[in-house]
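To start, the structure itself, in structure tokens.
The values are calculated or read from the model by the stated rules, or taken from the named source; none is laboratory data. Keep in mind that what you see is a predicted model, and the values were worked out from it rather than measured. Glycine also receives a Cβ, built like all others from the backbone with ideal geometry; neighbour counts cover every protein chain displayed. Side chains included, ligands, DNA and RNA excluded: accessible areas come from the protein's heavy atoms. Shrake-Rupley method; radii C 1.70, N 1.55, O 1.52, S 1.80 Å.
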Amino acid sequence: MRFGTKAIHAGVEPDPTTGAIMTPIYQTSTYVQAAPGDHKGYEYSRTHNPTRTALQNALAALENGRHGLCFATGMASIDAICKLLKPGDEVVSTNDLYGGTYRLFTKIFEGFGLKFKFVDMGDLRNVEAAITPNTKLIWAETPTNPLLKIIDIAGLAAIAKKQGCLLGVDNTFASPYLQNPLDLGADIIMHSVTKYLGGHSDVVMGALVVKDDALAERLAFIQNSSGATPGPQDCFLVLRGLKTLHLRMQRHCENGAVIADFLSKHPKVDRVYWPGLPAHPNHTVARAQMRGFGGMISFTLKGDRMEDATRVLSSTKLFSLAESLGGVESLLGHPASMTHASIPREERLRNGLADTLIRLSVGVEDAEDLVADLAQALG
Ligand code: P1T
């Protein structure tokens, strides 16, 4: 099955009791048993829920995995991965990553004895240099949030295999439409489902997809034990969103290309970060491992003045100033004060995240209108 067909059909069967073509919202906490242990595969909705099962199967199919696991938020899914580890274990993570992930690693799990090293994964020698016998997980986001760096997943997988550790990839910015990390050798894919998979800015959710049965069993144990699972109504909304994932992503990519081109030529714009630009430092890797370049773009203004950035951030009419990304409507954000405020300023600056950086989540509106909006805000 090709991607668009899978987006519509994979994991979803007509409801066995009525034939309903759309998976019902099984709004129930528990399931009646005929005798102790005599049930239809469902006992309690923290552990299993039919609406969630359909979504988990759909996500596994879209990522070419065998098992999908949904969580209440993207952060809860990364939290579950960290719970695979034990005190003394080390994680080598990319240094450009979502601020909430950095916060979870440094403010929660360091306190439980895990050790995190943040390195620039643009050069894989930095990863090799950070590895010790205690390294149990390599954690990558690609494209990274918010600098849109592209990391060579197959190269990382070779390092992880040599070390005998897990490779986890946050595939939120790409979505399975643009890239499938399991096919490139990753062990775990993570998604903030909140973003492109949900696609309509009406759900907060996370997911993991894996191939390995034993790893899936351990993660399902953590999912059930820690209990950060999503409700059936949210699972239904994401099942509905998935049916147009391929159509939305096509338009996100087309609009992304138009806006990256517009910004690159604008006299007031300094740097444009979008992996589809031939001048992007990781463009070759992006071409090799992605099927398109997506709708996330960051940029800075000439002169690097905060008041200029603030004026742009406050002047758009179609791009709404808000956290999050991946919905049908265009958003713009200021990472330094919003999504990445939990990373200390010196560390942000060291990693190339300027105070004046503006991040766009380009939606699926008409590109001409989006360009006109940015033109008036920059003007
Ligand atoms: O918000 P939540 O569903 O818990 O997902 C966290 C998360 C994980 N990974 C990446 C790459 C993310 O971008 C996010 C959430 N990001 C934003 C809210 C944002 O605006 O960048």
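List of remarks:
- Screening ASP89 on (1) within 16 Å of the ligand (Cβ to nearest atom); (2) of a type in the set (Asp, Glu); (3) open to solvent by less than 20 Å² (accessible area, probe 1.4 Å) shows it passes everything except condition (1).
- Hits in region 323-332 (condition: part of a loop (DSSP other than H, G, I, E, B), buried (at least 19 other Cβ atoms within 10 Å of the Cβ) and within 11 Å of the ligand (Cβ to nearest atom)): LEU325, GLY326, GLY327
- Cβ pairs under 6 Å, 6+ apart, first in region 212-241 and touching a residue at least 24 places away in the same chain (Cβ under 8 Å), second of a type in the set (S, T, N, Q) and surrounded by fewer than 18 Cβ atoms within 10 Å (Cβ to Cβ): ASN224/THR47; PRO232/GLN27
- For region 203-255, residues that are assigned to a helix (DSSP H, G or I) and of a type in the set (A, V, I, L, M) total 13.
- Hey, VAL272 in a helix (DSSP H, G or I) and outside the structural domain of GLU141 (by TED's automatic domain parsing) or not: no
- Residue match in region 56-69 (condition: more than 12 Å from the ligand (Cβ to nearest atom), surrounded by fewer than 19 Cβ atoms within 10 Å (Cβ to Cβ), in a helix (DSSP H, G or I) and touching a residue at least 12 places away in the same chain (Cβ under 8 Å)): yes
- The residues of region 127-146 that are more than 16 Å from the ligand (Cβ to nearest atom) and either surrounded by fewer than 16 Cβ atoms within 10 Å (Cβ to Cβ) or more than 30 Å from LEU360 (Cβ to Cβ) (or both), listed by number, are GLU128, ALA129, ALA130, ILE131, THR132, PRO133, ASN134, THR135, LYS136.
- Here is the figure for region 333-379: residues that are part of a loop (DSSP other than H, G, I, E, B) and away from the ligand (no atom under 16 Å from the Cβ) total 9.
- Filter result for ARG350 (open to solvent by 30 Å² or more (accessible area, probe 1.4 Å) and either under 20 Å from LYS268 (Cα atoms) or of a type in the set (A, V, I, L, M, F, W, C) (or both)): no
- Candidate set from region 70-86 (those that are open to solvent by 10 Å² or more (accessible area, probe 1.4 Å) and more than 8 Å from the ligand (Cβ to nearest atom)); member that is farthest from the chain's Cα centre (by Cα): LYS86
- Qualifying residue in region 115-126 (condition: within 14 Å of the ligand (Cβ to nearest atom) and within 21 Å of the chain's Cα centre (by Cα)): no
- Of all residues in region 133-177, those that are within 27 Å of LYS86 (Cβ to Cβ), touching a residue at least 40 places away in the same chain (Cβ under 8 Å) and aliphatic (A, V, I, L, M) total 6.
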